[in-house]
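Peer 1: Got a structure for you, written out below as structure tokens; questions coming shortly.
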Amino acid sequence: MQSGCSKCGKPSIYLRRYTSELLCGSCLVQTTIDRVRRTINRHKMFYENDRIAVAISGGKDSAVLLHLLQQIESTFSNSEIIPVTIDEGIQGYRNKALDSAKILTQRLDLNLEIYSFKDLFRYSLDEIVARKPANSVGACSYCGVLRRRALNTAAQDLGASVIAIGHNLDDEAQTILMNLLRGDSARIARTNVPRDKAIDGFVPRVKPIAELSERDIVAYAHHLELPYHDEPCPYAETAYRNDVRAFLNDMEYKRPGTLLATLRSAETIVDAFRDTMDEWKIGSCEQCGNPSPSRICKTCEMLDTIRS
């Protein structure tokens, strides 16, 4: 780009389209940090003396999340960042992502904690896929449910008070629209419970980079040369999400700000459900004792299908 930075006048390297800002490298970094800091403060994501488990996959989103949180939280001496990786056990894929996660955490002088499906559930994802019934849900459904349980277990084991996950603006907007198209707007609230409404037995989850677009993430990671793994998961089932992604990308290109407006609409939905959240009925799974809205939790239900 030939034009000068909107902030300082230096040569720009990036256009943030939804704010119409041309940014040089240093202003790209600083405005990204400021944007995430505002998101954290607005949603009261972190408290004093927090032990923050940061979910690290080895991909670009979690790499940027960890780097940003280290910059922000380094000014608070009482908080602690704990990078956590869940090794699902996908031969030829997860080992490469683990290598990227290890390089990043070493560069940031942080200790990476690794938990595996194999240790927690007795089966790797590869083994689960080989054993699951042919007419059952796909690999992504098993992986999603078990990853959520594994991450919650890891956070509890490490004494974390909160879990930070790397969902970016594109991810959030796609999920919001998918839930609306499926007629399940209540799910938007159930998966975005405010920290002060967290359910006993679940370590609260926050999304600090939810207002950063995927383009922001890529620009930040490339400018700072953060190590990350960008190969797609071999089990990825993305047909529906790809359709939604294509639609939203087209809308964002034609009308910058569409993704952020979608996120703001979801926040309104969450606020509308806020007063009823205390009434949501959550019992305990009869098999494992973890919180569950049904007699048998989804984790145990899925594991039962591969043990039979």
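Every read-out reported here was derived from the displayed coordinates using simple, explicitly stated rules and does not represent laboratory data. The structure presented is a predicted model; accordingly, all values stated were derived computationally and were not measured. All Cβ positions, glycine included, derive from the backbone under ideal geometry; neighbour counts span all protein chains shown.
Peer 1: In which sequence would Met45, Met251 go, from the one with the fewest C-beta neighbours within 10 Å to the one with the most?
Peer 2: In order of increasing Cβ crowding within 10 Å: Met251, Met45.
Peer 1: Still on this model: Under 13 Å from the Cβ of Ile114, count the other residues' Cβ atoms, weight Lys and Arg +1, Asp and Glu -1, and hand me the total.
Peer 2: Local net charge: -3.
Peer 1: Could you size up the charge dipole of the chain around its Cα centre, putting +1 on the beta carbon of Lys and Arg and -1 on that of Asp and Glu, and report it in debye to the nearest 20?
Peer 2: 420
Peer 1: If you don't mind, there's one more thing I want to ask. Which order results if Ile165, Ile176 are arranged by neighbouring Cβ count within 10 Å, fewest first?
Peer 2: Ordered from fewest to most neighbouring Cβ atoms within 10 Å, Ile165, Ile176 come out as Ile165, Ile176.
Peer 1: Check Glu21: other-chain or 5+ apart residues with amide H under 5 Å from its amide H, H built from backbone geometry?
Peer 2: Arg16
Peer 1: Another question, then. Give the long-range amide H neighbours of Ser284: residues separated by 5 or more places, or on another chain, with amide H under 5 Å away, using H modelled in the peptide plane at 1.01 Å from N.
Peer 2: Those qualifying (amide H under 5 Å, at least 5 residues apart or on another chain) are Ser292.
Peer 1: Right, another one. Once you have a ≥ b ≥ c as the square roots of the Cα gyration tensor eigenvalues for region 41-161, tell me rounded if a/c is under 1.5, and otherwise prolate or oblate according to whether a/b is larger than b/c.
Peer 2: Prolate, because a/c is 1.5 or more and a/b exceeds b/c.
Peer 1: Any idea what angle helix 239-254 forms with the longest principal axis of the chain, computed on alpha-carbon atoms, 0 to 90 degrees, nearest 10?
Peer 2: Around 20 degrees separate the two axes.
Peer 1: Taking θ as phi - 60°, what are the ³J(HN,Hα) couplings along region 34-50 by the Karplus curve (6.51, -1.76, 1.60), each to the nearest whole Hz, with x for Gly and Pro?
Peer 2: 4, 5, 5, 4, 5, 4, 4, 5, 5, 9, 6, 6, 10, 10, 5, 6, 5
Peer 1: Using Cα positions and a limit of under 24 Å, work out the lysines in reach of Lys197, with same-chain residues fewer than 8 apart set aside.
Peer 2: Here the lysines satisfying the reach criterion relative to Lys197 are Lys44, Lys207, Lys281, Lys298.
Peer 1: Given an 8 Å cut-off on Cα distances and at least 6 residues of separation, report the relative contact order of region 236-308 as a percent.
Peer 2: 13 percent.
Peer 1: Here's another thing I want to ask about it. For Val54, enumerate residues with amide H under 5 Å from its amide H, sequence gap 5+ or separate chain, H modeled in the peptide plane.
Peer 2: Answer set, sorted by chain and number: Ile82, Val84, Ala164.
Peer 1: Then there is this: Which aspartates and glutamates does Lys96 reach when only Cα atoms under 13 Å apart count, and residues fewer than 8 places away in its own chain are ignored?
Peer 2: Asp87, Glu88, Asp230, Glu231
Peer 1: Once you keep just the Cα pairs under 8 angstrom separated by 6 or more residues, what percentage relative contact order results for the chain?
Peer 2: 20
Peer 1: For the chain, build the charge dipole from Cβ charges (+1 Lys, Arg; -1 Asp, Glu) around the Cα centre, then report which of Leu15, Ser116, His229 sits farthest towards its positive end.
Peer 2: After comparing all options, I get Leu15.
Peer 1: Give the order of Thr85, Thr276, Thr175 when sorted by the count of other beta carbons within 10 angstrom, beginning with the fewest.
Peer 2: Ordered by Cβ neighbours within 10 Å, fewest first: Thr276, Thr175, Thr85.
Peer 1: Count the DSSP beta bridges whose two residues both fall in the chain, then state the antiparallel fraction as a percent rounded to the nearest 5.
Peer 2: If I count the DSSP bridges inside the chain, around 30 percent turn out antiparallel.
Peer 1: So, one more: Trp280 versus Leu181, label points 7 Å from Cα toward the beta carbon: distance in nm?
Peer 2: Each label point is offset 7 Å from its Cα along the Cβ direction, giving 2.4 nm.
Peer 1: Roughly how many Å is it from the Cα centre of region 242-308 to that of region 203-230, as a whole number?
Peer 2: Each part's Cα centre sits 21 Å from the other's.
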